[in-house]
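Taking it in order: structure first as C-alpha cells, then the write-up.
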Amino acid sequence: AVVILLTALIARRLGGETAGLAAAVVAATSPLLFVIGTAATTDAVLLAFILLAQWIFVEALCEGWRRWHLPAMGLAIGGGLLTK
C-alpha cells in the first residue's frame, strides 16, 4: 500500500492528477508487486524506502528545498541501506 501511495504521489506531482491515478492503478495491478509483497524477502521494504527518498526529492525540487528535506531523505536512504 505504501508503494502504491508513493508512486501515485510522485506521478501526481510530476504529471498531474490523471498521471497519479494511472500510476496508482498500474502499481496496484502489477503482479510483481504482489509477489515481492507476500514473499519473505526485504525487497518490498527496500522499494518503499527508495520511493520515499524519491518522493522527498521530487517535493524538494517542485516546492524548493526546506530544512526537513535533506534529513528526511537521508533517513529514507539510510533505511534502504539497512534493509538491503
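The values are calculated or read from the model by the stated rules, or taken from the named source; none is laboratory data. It should be emphasised that the depicted structure is a prediction, and the values quoted were computed from it without experimental measurement. Glycine gets a Cβ as well: all are built from the backbone with ideal geometry, and neighbour counts include every protein chain shown. We work out accessible area using only protein heavy atoms, side chains counted, and drop any ligands, DNA or RNA first. Shrake-Rupley method; radii C 1.70, N 1.55, O 1.52, S 1.80 Å.
Helical runs (DSSP H, four residues minimum) scored at -39500 (n - 2.57) apiece and divided by the length of the chain put the mean residue ellipticity at 222 nm at -27000 deg cm²/dmol.
Using a 1.4 Å probe on the protein heavy atoms, what percent of the accessible area of the chain belongs to carbon and sulfur? C and S fraction of accessible area: 73 percent.
Net charge around Ala11, counting only other residues with Cβ within less than 14 Å of its Cβ (Lys, Arg = +1; Asp, Glu = -1)?
Local net charge: 0.
A dipole drawn for the chain from +1 and -1 charges on Cβ atoms has a positive end, and of Ala28, Gly78, Leu46 the residue lying farthest that way is Gly78. Using every pair of separate Cα atoms, the Kirkwood estimate puts the hydrodynamic radius of the chain at 13.3 angstrom. Of the chymotrypsin sites (Phe, Trp or Tyr not before Pro) found in the chain, the ones in coil according to DSSP and having at most 15 other Cβ atoms within 10 Å of their Cβ are Trp65, Trp68.
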